[in-house]
Structure formats: structure tokens, C-alpha cells
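Here the structure comes first, spelled out in C-alpha cells, and everything after it is commentary.
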Amino acid sequence: MRLRWIFPPVIAPFVLAFELGGAVPPALAQNSAPVVSNVVAQQTPGTGFVTITYDVSDAEGDSLASSLVCSSNNGATFDLYPITVTGDVHRRMAPGTGKQITWNAAIDYPGQYWTQVVAKVVVSDGPVAAGEMVLVPSGNFTMGSTANADEQPVHTVYLDAFYIDTYEVTNAQFKTFVDAGGYTTQAFWSPAGWAWRTSNSITEPTEWSSGGDHSGPGWPGFPVVGVSWYEAEAYANFVGKRLPTEAEWEKAARGTDARTYPWGEGLDQTRANYLGSGDPYESLSTPVGFYDGRLHPSPAFQTTNSPGPYGTYDQAGNALEWVKDWYDGNLYYSVSPSSNPTGPVSGSIAVLRGGDYGLVNLTADQDLRCAKRYVAIGNYANYKRTDRYPHIGFRCVRTP
Ligand SMILES: [Ca+2]
Ligand SMILES: [Ca+2]
């Protein structure tokens, strides 16, 4: 039974049961799975914040990854995916006691109320935690299209298996990098990135402090934007990941059947965030994972669940996404390796993927197709790795 959850105050009893986290069996025979204990979840009265504390141990002391998933029906199914979370979640960490996750449930599920919520903390000593990333298996896929010259020739590409972030990197996630001194820790930065950062006195994304364009810690569940390619690279290093190649990004978005959009064919406003799509945040980003089939209240907006073939969200629209490769115009696809291409070895133009919330039209060279390669939009000149715009964010990958 679904009741309304009203903020603030919470006027009905909020019963929050919880269970211990299940661990993902490790691949190594001698390894022991981490053990989660003492999970306590509590909603702060009168607010939409839920605090989850837990302990986790690991026999080998491995670096661990955690995620949070919840059930609205006392554990029958786990159907709630907390996105607006901070603390000891969605990142690598050491085993220990007193781990804490803060979930701003009022942002993820505004106006909703359940009496039988079960919170589950899932911790893995594998490469990723459940929900954090999805696996794209090894194998061939069809890359490119005939729509634009630089997407040709359509060709078959083999990729090794990789994990890719389910969502665009959020402000909440990026805050862990800012708070950990990521901007002043040279180890996370490439030489070129560090030189750019220091010479320009870069200490945070462009609108991080002002909160403009859904930037900064005040907008935790929204994609981080206003970051250069170098900042994206440094964040990826911080979390033990890397930026996807163009080929990895495109395969994760469209799978092996050469589909046009992550969900298949046909675009409408219930599936992705673009200009004029009618979402409650029009002309700006939506929270990541917004197009998950939910009815978003206030103002009401019904989405169609629109993951990609492997379970990613927002690869079409929302934030435009940095990828690893340099761009080399019309030439690269005709000479690129058929196995694990990584782009031209050098260049001056960056390439981005997926389109964004502010595209001025959805025809010809501005669209949300999986194969579309963005090197410039409208008045924006060719993108450089040092560019920082409010429509540009990223997601990361990790090699198993
Ligand atoms: Ca929109
Ligand atoms: Ca996107």
C-alpha cells in the first residue's frame, strides 16, 4: 500500500526496517567476502533525510565499494534506488566501523510515503558495487551511422569487457573529490591537467559555490557540470576509474543491435532531457536517472523507463559527456583499429557524447543519437579539453 510521504513534517509513523548487506562473491578463490553489520536507518523527524549507519569488515582488509538499495514492500522487491546520497556510498573505502550514508529521500521521492521501507547496504570487494556501474560484456558491436560524415564508415568494433557508471557523475559524488582535497592533490591529475589547474587557479567547478545551473552541493542528485576534461580525468583517478573511450561510450549506449537511442527507436519527452522536453527543470539538467518510469510529482511529470541495453541512464540528453578520445574529423573511423580503439594519439579538439538539456533543435547535427559525435554546438566553437560549460559533465568506466 502506497501512502503519501509528506515533507515536512513527517506526520505518519515511518517504519524503517533494514537488513544486512549481501556481499558479492569474489572471483578469487582465497578471498573472503566483506561482512556488513549493525545497519541502522533512521529518518530525521520533520525532514526527508534518512541516515544509515553500518559497520563493515573484510578478512583481507580489501578496498571496498558500497551501494544502497531500498524496498518499499518490506523486502519483497528492492524497487527504490536512492540517488541523492552522500557519505560512505558509491565510492571505494577501507573496512571499518561507523560508516554513514545520508539519503535525501525527499529529493528522490518527493511527496511519497511508505510504511514498510527496508534499506539494504550492499558492499563488495569486487571492482564495483551493485547499482554503481553496469557491466558491458566483451564482444563486437556496430559503431557509427550514416547520419553524419564523421560517423562513417559504419564499422564493427570489438571491445573487451568494462564497467560503466549507471549515471552521470553527480554533484554529491564530485563533492567527495572536492572535500578530499582533490583539487590540490597532484597525484590525481595528469601533468597537462595539473599545469592547467595551477596556472588558472582552478579550485572547484565553475558554478560550484553559486549553485547556478544545478551546480554544487546544493544540488546533490544532479550531474556535475562546469568541469573541464582535466577535472573529469582527475575525479576518475580519485575513484579508481577512468574516462570511457568513444567506442566504450557508444557501445554502452546502444548495445549490439545498432539501435538509434539507448532504449531503441523513437524519441519523445518522457525518455530524455532536451530543450523543450517539458520536464519540471526545463532548460536545465534533471536529476540523474530521472527517466526511470516514475511519476515525478510537483509538477507531475510521467517518465518512461528508458535505460540503455546494459542499464545506464541519461546517455541521451541531460549533461553532454566528456570521453577520453581526441577528435580527428572525418578520418578516424576509416583507420581506427577494429579492436579496443582509443582514438587518435594526439589532437586539439575534444569530442563529447550524448547531447544535452539545452540543444536548440533535434534535427541534423544536433540530436541525441548514440552515434552522434559532438565537437561543437551552435555558438560554441570546437570543444577543447580546458572548456568548462554548464551543459557538460561526464561518467566513468573501470576495467574489470
Ligand atoms: Ca528539458
Ligand atoms: Ca548525458
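The values are calculated or read from the model by the stated rules, or taken from the named source; none is laboratory data. Note that the coordinates shown come from a computational prediction; the quantities given were computed from them, not determined experimentally. Cβ: placed from backbone, ideal geometry, glycine included. Neighbour counts: every protein chain shown.
Checking VAL345 against (1) modelled with pLDDT of 90 or more; (2) more than 16 Å from ligand 1 (Cβ to nearest atom); (3) in contact with an Asp or Glu (Cβ under 9 Å, 6 or more places away or on another chain); (4) within 22 Å of ARG385 (Cα to Cα), which test does it fail?
(3)
Can you tell me which residue among TYR380, TYR327 is surrounded by fewer than 24 Cβ atoms within 10 Å (Cβ to Cβ), more than 25 Å from ALA258 (Cβ to Cβ) and touching a Phe, Trp or Tyr at 6+ places or on another chain (Cβ under 9 Å)?
TYR380
Just one of the numbered conditions (1) within 16 Å of ligand 1 (Cβ to nearest atom); (2) assigned to a loop (DSSP other than H, G, I, E, B); (3) modelled with pLDDT of 95 or more is not true of ASP213; which one?
Result: ASP213 fails condition (2) only.
Which of (1) more than 25 Å from ALA236 (Cα to Cα); (2) surrounded by fewer than 21 Cβ atoms within 10 Å (Cβ to Cβ); (3) within 26 Å of the chain's Cα centre (by Cα); (4) among the aliphatic types (A, V, I, L, M) is the odd one out, the single condition ALA105 does not satisfy?
(2)
I'd like to verify a number: residues in region 352-400 that are aliphatic (A, V, I, L, M) and modelled with pLDDT of 95 or more, how many?
4
Please determine whether any residue of region 245-252 is more than 16 Å from ligand 1 (Cβ to nearest atom), assigned to a loop (DSSP other than H, G, I, E, B) and touching a Lys or Arg at 6+ places or on another chain (Cβ under 8 Å).
yes
Quick check on my filter: what residues within region 283-300 are modelled with pLDDT of 90 or more and either more than 13 Å from ligand 2 (Cβ to nearest atom) or of a type in the set (Lys, Arg) (or both)?
SER283, LEU284
When the residues of region 282-324 are narrowed to those that are away from ligand 1 (no atom under 15 Å from the Cβ) and polar (S, T, N, Q), which ends up surrounded by the most Cβ atoms within 10 Å (Cβ to Cβ)?
Within region 282-324, the match that is surrounded by the most Cβ atoms within 10 Å (Cβ to Cβ) is GLN315.
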